[in-house]
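Visitor: I'd like to ask you about the structure that follows.
The values are calculated or read from the model by the stated rules, or taken from the named source; none is laboratory data. Since this is a predicted model, take the numbers as computed values, not measurements. Here Cβ is always computed from backbone atoms with ideal geometry, including for glycine, and neighbour counts include all displayed protein chains. The accessibility values were calculated without ligands, DNA or RNA, using every heavy atom of the protein model including side chains. Shrake-Rupley method; radii C 1.70, N 1.55, O 1.52, S 1.80 Å.
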Amino acid sequence: MIESLQNEQVKYVASLQRRKAREESKAYVIEGWRFVEEGVRRNAPLIKVFVCLDCEGLEWRYIRTKLVERGIPYEEVDARVLRKMSATEEPQGILALVRQTTYSWSDLHINSKTVVLVVDGIQDPGNLGTILRTALAAGVSNVCLTPGTVDLYNPKVLRSTMGAIFSLVLLPGQPPEDILSFCRNQKLNVLMGDVQGTPIYQAKLAEGPLALIVGNEGKGPSQSFREADIQRITIPMAQEVESLNVAMATGILLYEIVRQRGFL
């Protein structure tokens, strides 16, 4: 059992609450029984699990069995140590160290049914996490993120994904020019969510590979996308409502796309 706050493992895990440390080590931390269980169930690249056995229950028995099966180490810590490593004031009793998975353009296998989601400059961690979870729920597993987007491994982003992050092909830090070049080379039909454009229910979205761009909460998509020859689509709104939360709007757009394609 680890009881010292000066333990090197404790210091290392605590350091991963900072973006710079996450980027240098290519690792991040997930917290809570449900999140760690999702990591185990979705075969996330877990490095090690830390648990406070004062909180032991049915969840731990399941998780421990799977950890042993996969040869993933785990270690007991006391409550003070867990709080030191955690990003939350009242941790649930378990957290895990996870290796970042690096993907490249070659990992996006394009066919006639492919939908690629492009997240451009989303700043709110909760919005990004919700968008990622919604994408996976809609059957969309390929996601590109531009450099202005909030850190993918921000603790609030991770919590909002509720484990969806483990089942997505994610390409963070991709410049708009590279994204557009990839779409042209792969013959993707590129659409951009905007306040003006073709109403989503009138747009023809059923044929061929497609990329959907959703932009910043306040400014919308970046200038590079706005200057490109891209079809704009919009969500019709009543009662003079001007806009929706970007995560909700993304969900509506994605589900109309997959509805027309008969995915679900």
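Visitor: Go through region 133-247 and tell me which helices (runs of 4 or more DSSP H), entirely inside it, have 3 or more residues that are in contact with a strand residue (DSSP E or B) (Cβ under 9 Å, 6 or more places away or on another chain) and at pLDDT 95 or above.
Guide: Numbers: elements: 155-161, 176-185, 223-226.
By residue number, 176-185.
Visitor: Another question about this same structure. Are any residues in region 219-241 farther than 21 Å from CYS144 by Cβ and within 24 Å of the chain's Cα centre (by Cα), and if so, which ones?
Guide: Scanning region 219-241 gives THR234, ILE235.
Visitor: I'm checking my understanding of the structure. Among residues of region 244-260 that are within 12 Å of TYR201 (Cβ to Cβ) and within 20 Å of the chain's Cα centre (by Cα), which one is most open to solvent (accessible area, probe 1.4 Å)?
Guide: TYR255
Visitor: Among (1) over 17 Å from THR134 (Cα atoms); (2) in a loop (DSSP other than H, G, I, E, B), where does PHE263 come up short?
Guide: The number of the failed condition is (1).
Visitor: Also, quick follow-up: What is the one condition in (1) touching a residue at least 12 places away in the same chain (Cβ under 8 Å); (2) of a type outside the set (Lys, Arg); (3) open to solvent by 70 Å² or more (accessible area, probe 1.4 Å) that GLY220 does not satisfy?
Guide: Looking at each condition in turn, GLY220 falls short on (3).
Visitor: Of the conditions (1) at positive phi; (2) in contact (Cβ under 8 Å) with a residue 60 or more places away in the chain; (3) open to solvent by 30 Å² or more (accessible area, probe 1.4 Å), GLY121 fails just one. Which one is it?
Guide: Of everything listed in (1) at positive phi; (2) in contact (Cβ under 8 Å) with a residue 60 or more places away in the chain; (3) open to solvent by 30 Å² or more (accessible area, probe 1.4 Å), GLY121 misses just condition (3).
Visitor: Counting only residues that are loosely packed, with under 15 Cβ neighbours inside 10 Å and of a type in the set (S, T, N, Q), which one in region 168-185 is farthest from TYR153 (Cα to Cα)?
Guide: ASN185
Visitor: Would a scan of region 15-23 turn up a residue that is without any contact (Cβ under 8 Å) to a residue 24 or more places away in the chain, open to solvent by less than 40 Å² (accessible area, probe 1.4 Å) and touching a strand residue (DSSP E or B) at 6+ places or on another chain (Cβ under 9 Å)?
Guide: Just the residues of region 15-23 that are without any contact (Cβ under 8 Å) to a residue 24 or more places away in the chain, to begin with: 15, 18, 20-21, 23.
Checking which are open to solvent by less than 40 Å² (accessible area, probe 1.4 Å) leaves us with 15, 21.
If we keep only those that are touching a strand residue (DSSP E or B) at 6+ places or on another chain (Cβ under 9 Å) too, we end up with 21.
Yes, region 15-23 contains a residue that is without any contact (Cβ under 8 Å) to a residue 24 or more places away in the chain, open to solvent by less than 40 Å² (accessible area, probe 1.4 Å) and touching a strand residue (DSSP E or B) at 6+ places or on another chain (Cβ under 9 Å).
Visitor: Turning to a different aspect of this structure: Run VAL68 past the list (1) surrounded by 12 or more Cβ atoms within 10 Å (Cβ to Cβ); (2) among the aliphatic types (A, V, I, L, M); (3) touching a Phe, Trp or Tyr at 6+ places or on another chain (Cβ under 9 Å) and report the number of the one that doesn't hold.
Guide: Checking VAL68 against (1) surrounded by 12 or more Cβ atoms within 10 Å (Cβ to Cβ); (2) among the aliphatic types (A, V, I, L, M); (3) touching a Phe, Trp or Tyr at 6+ places or on another chain (Cβ under 9 Å), the one that fails is (1).
Visitor: Here is a check on your reading of the model: is TYR28 part of a helix (DSSP H, G or I), surrounded by 13 or more Cβ atoms within 10 Å (Cβ to Cβ) and not assigned by the TED database to the domain that holds LEU145?
Guide: For TYR28, the condition - part of a helix (DSSP H, G or I), surrounded by 13 or more Cβ atoms within 10 Å (Cβ to Cβ) and not assigned by the TED database to the domain that holds LEU145 - is not met.
Visitor: If you take the residues of region 41-60 that are open to solvent by less than 10 Å² (accessible area, probe 1.4 Å) and outside any loop (DSSP other than H, G, I, E, B), which of them is farthest from LEU82 (Cα to Cα)?
Guide: Applying the first criterion (open to solvent by less than 10 Å² (accessible area, probe 1.4 Å)) to region 41-60 yields 44, 49-52, 60.
Still in the list and also outside any loop (DSSP other than H, G, I, E, B): 49-51, 60.
Numbers: VAL49: 11, PHE50: 8, VAL51: 8, TRP60: 16 Å.
Among those that are open to solvent by less than 10 Å² (accessible area, probe 1.4 Å) and outside any loop (DSSP other than H, G, I, E, B), it is TRP60.
Visitor: Now for a separate question. If you go through region 188-215 one residue at a time, how many are without any contact (Cβ under 8 Å) to a residue 60 or more places away in the chain and out of contact with any Lys or Arg (no Cβ under 8 Å at 6 or more places or on another chain)?
Guide: Looking only at that region, the number is 9.
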